[in-house]
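The values are calculated or read from the model by the stated rules, or taken from the named source; none is laboratory data. The model shown is predicted, which means the values in this text are computed figures rather than measured ones. When we count neighbours, we look across all protein chains shown, and the Cβ atoms used for this are built from the backbone with ideal geometry, even at glycine. What goes into the accessible areas is simple: the full protein's heavy atoms, side chains included, and nothing from ligands, DNA or RNA. Shrake-Rupley method; radii C 1.70, N 1.55, O 1.52, S 1.80 Å.
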Amino acid sequence: MKEPTLGNPQNTIQVLQKYNFNFQKKFGQNFLIDTHVLDKIISAAGITKDDFVLEIGPGIGTMTQYLACAAREVVAVEIDKNLIPILEDTLSGYDNVSIINEDILKVDLVSLAEEKNQGRPIKVVANLPYYITTPIIMGLFEKKVPLESITVMVQKEVADRMQVGPGTKDYGALSLAVQYYAEPYIVANVPPNCFMPRPSVGSAVIRLTRHKEMPVQVKDEQLMFKLIRASFNQRRKTLANGLKNSSELNLSKEVIEQAIEQLGKGASIRGEALTLEEFARLANIISDL
Ligand code: SAM
């Protein structure tokens with residue numbers, strides 16, 4: 001298999017010029033042009049020749065070349081049809097890669113994992129389009145795609161939000177959702193000059209390792225996530241008021257007050273002070289009332 005040829009500014013510019021490619025802002029196109037960052041992502045993802053890897057948004061195929069060298073098989077899903085002829089060119093020396101020209105949010109990834117990896121957990125690796133980071137990551141978890149890990153470049157601020165616990169301003173529904181499904185670990189911070197064009201925000205590589213056993217036991221997952229959303233939609237309010245005002249929940253004042261009391265918290269507690277374990281317990285209390 002060919003050594004990667006992409007990953008530096010000169011070769012990237014050459015490919016872009018050859019195809020007269022225009023960057024599309026609406027697709028969050030910021031291509032990686034730093035080999036050290038690419039090596040770091042591949043090594044953080046822990047890819048071996050046994051692995052099937054899903055890449056989201058291959059761009060001109062830079063990271064795809066690195067993935068093809070490290071993995072058994074790679075499927076890359078790219079929305080921009082103008083990139084498809086470029087990918088056919090840059091990936092021509094790699095026989096273990098296929099490209100799907102589709103919106104990642106519309107691909108049936110459970111079937112893909114079944115077909116390509118016999119339903120065993122897959123690894124997802126991507127330099128994500130930042131405008132849809134949360135729907136992509138939550139979609140992977142909620143649609144029950146069999147996952148081993150997700151190693152992705154995201155906006156720095158979003159990586160921080162995924163990793164923090166209660167008591168910080170970044171703590172929110174995304175932190176709780178990610179930590180319910182996975183163990184987050186920030187691998188590296190990546191400055192704007194590692195991309196072409198340069199994004200206006202800092203970036204970070206984060207690895208989310210799917211829990212083998214769930215960290216908390218919840219009878220009704222949907223109820224727990226409704227409670228979490230209601231708490232953070234109105235983070236300045238008390239937990240009781242947040243839950244009372246929620247349009248998603250239909251709980252009486254009495255049920256809410258009794259549940260918070262059973263949780264062992266005072267009436268003035270705010271949702272943002274609760275841990276994942278406490279949200280799970282609150283959901284279980286309400287389920288049993
Ligand atoms: N992987 C390349 C790299 O690192 O150089 C490109 C990364 S760029 C940040 C994001 C890529 O995702 C772009 O190629 C963009 O066209 C693609 N993309 C954007 N929205 C998408 C979607 N909904 N489904 C699939 N790909 C998408």
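Structure notes:
- Residue ID - nearest to the ligand (Cβ to nearest atom), chosen from residues in segment 150-171 that are over 17 Å from GLY57 (Cα atoms) and open to solvent by less than 10 Å² (accessible area, probe 1.4 Å): ALA159
- Being modelled with pLDDT of 95 or more and closer than 27 Å to VAL37 by Cα holds for only one residue in VAL201, VAL255, VAL218, and it is VAL201.
- Residue check for GLU183: part of a strand (DSSP E or B), open to solvent by 20 Å² or more (accessible area, probe 1.4 Å) and not basic (Lys, Arg): yes
- Criterion applied to GLU142, GLU73 was being more than 23 Å from PRO9 (Cβ to Cβ), out of contact with any strand residue (DSSP E or B) (no Cβ under 6 Å at 6 or more places or on another chain) and acidic (Asp, Glu), and the one residue passing it is GLU142.
- Residues in segment 27-58 that are within 13 Å of the ligand (Cβ to nearest atom) and basic (Lys, Arg): LYS40 alone.
- Looking only at residues of segment 85-95 that are surrounded by 13 or more Cβ atoms within 10 Å (Cβ to Cβ) and free of Cβ contacts under 8 Å to residues at least 40 places away in the same chain, we find that the one that is farthest from MET1 (Cα to Cα) is LEU87.
- Pick from segment 119-147, criterion more than 13 Å from the chain's Cα centre (by Cα) and within 18 Å of ASP51 (Cα to Cα), ranking: least open to solvent (accessible area, probe 1.4 Å): ILE122
- Options GLN29, GLN65, GLN24: the member that is touching a Leu at 6+ places or on another chain (Cβ under 8 Å) and closer than 19 Å to LEU128 by Cβ: GLN65
- Test set (1) among the basic types (Lys, Arg); (2) within 16 Å of the ligand (Cβ to nearest atom); (3) open to solvent by 20 Å² or more (accessible area, probe 1.4 Å); (4) within 23 Å of GLY46 (Cα to Cα) - LYS116 fails condition number: (2)
- Of all residues in segment 122-146, none that is without any contact (Cβ under 8 Å) to a residue 12 or more places away in the chain has its Cβ atom under 8 Å from the Cβ atom of a residue that is within 10 Å of the ligand (Cβ to nearest atom) and open to solvent by less than 30 Å² (accessible area, probe 1.4 Å), 6 or more apart or on another chain.
- Residue check for ALA283: within 22 Å of the chain's Cα centre (by Cα) and modelled with pLDDT of 95 or more: no
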